[in-house]
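Notes follow the structure.
The values are calculated or read from the model by the stated rules, or taken from the named source; none is laboratory data. Values in this document were obtained by computation on a predicted structure and should not be read as measured data. Cβ coordinates were reconstructed from backbone atoms using ideal geometry, including for glycine residues, and neighbour counts include every protein chain displayed. What goes into the accessible areas is simple: the full protein's heavy atoms, side chains included, and nothing from ligands, DNA or RNA. Shrake-Rupley method; radii C 1.70, N 1.55, O 1.52, S 1.80 Å.
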Amino acid sequence: MKILENLHERLELIDGNPIYGGEETVKQVAECSPIPLPEDYIEFLREISGDTSEENVGVEIRLIVPDDEDSTLSMAFYSAQDALEKYKEYKELSAPLYDIIDKIWIVGDDIGDLVYFYGNGKDGFGLYVDEIGALTPHSLDASAGAEKIADTITDLLVKGIGIDTALWID
């Protein structure tokens, strides 16, 4: 299923150049990731990573807020090449981020301080959100701040599960 063609009614693609392809780069993501990645995420990467130029950093998806046409709430999901670049950057950082980067795979952010990642946390394996500055080796523990958004990226973007959690909307 093409996720971007089936976005939930509360979501709208507003930026990016999604072109299908990028097989070699997507393969590198799967090989480089310290955790197994869900097949729907791999397929989503293929959907947005065909443009392998440096300008292709991924896609931005806006949350449609009723009665607020000017809402700036959005989520950015990294292309395969940008995800690899971010992973390399995070590996070079000092603790505490360095200490958790081998337990998660960062897939995007809210164009601010929230980061989206796959990991095995307090609510099992899935897509989580936390503040980038708060990520530590304990972020996935039961008492930590990382919140599970959904089991898969399809659940989030197509079924709408966890949209409010992803953007920390009460």
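If R0 equals 30 Å, the separation of the Cβ atoms of Asp67 and Cys32 corresponds to a calculated FRET efficiency of about 0.10. Shape class for the range 77-170: oblate, because the ratio a/c of the largest to smallest gyration tensor axis (alpha-carbon atoms, square roots of eigenvalues) is 1.5 or more and b/c is at least a/b. A 1.4 Å probe run over the range 23-110, with the rest of the protein chains in place, finds 49 Å² accessible per residue.
Given the alternatives (i) 59, 22, 13; (ii) 22, 21, 14; (iii) 56, 22, 12, semi-axes √(5λ) of the Cα gyration tensor in Å as computed for this entry is given by (ii). Rounded, prolate or oblate: which one fits the range 22-117, using the alpha carbon gyration tensor with axes a ≥ b ≥ c (rounded when a/c is under 1.5, else prolate when a/b beats b/c, else oblate)? Here the range 22-117 falls in the oblate category. Anything over 21 Å Cα to Cα? Flag those among Lys27/Lys88; Lys91/Lys148; Lys2/Lys27; Lys103/Lys148, in the order listed. Result: Lys91/Lys148 exceed 21 Å.
Computed extension gain for Asp164 through Glu147, at 0.36 nm per residue and net of the alpha carbon distance, reaches 5.0 nm. Toward the positive end of the charge dipole of the chain, with +1 on the Cβ of Lys and Arg and -1 on the Cβ of Asp and Glu, the farthest Cα among Ala144, Ser79, Val65 is that of Ala144.
Is the range 1-74 rounded, prolate or oblate when judged by the Cα gyration tensor, a ≥ b ≥ c being the square roots of its eigenvalues, rounded requiring a/c under 1.5 and prolate requiring a/b larger than b/c? Because a/c hits 1.5 or more and a/b exceeds b/c, the range 1-74 counts as prolate.
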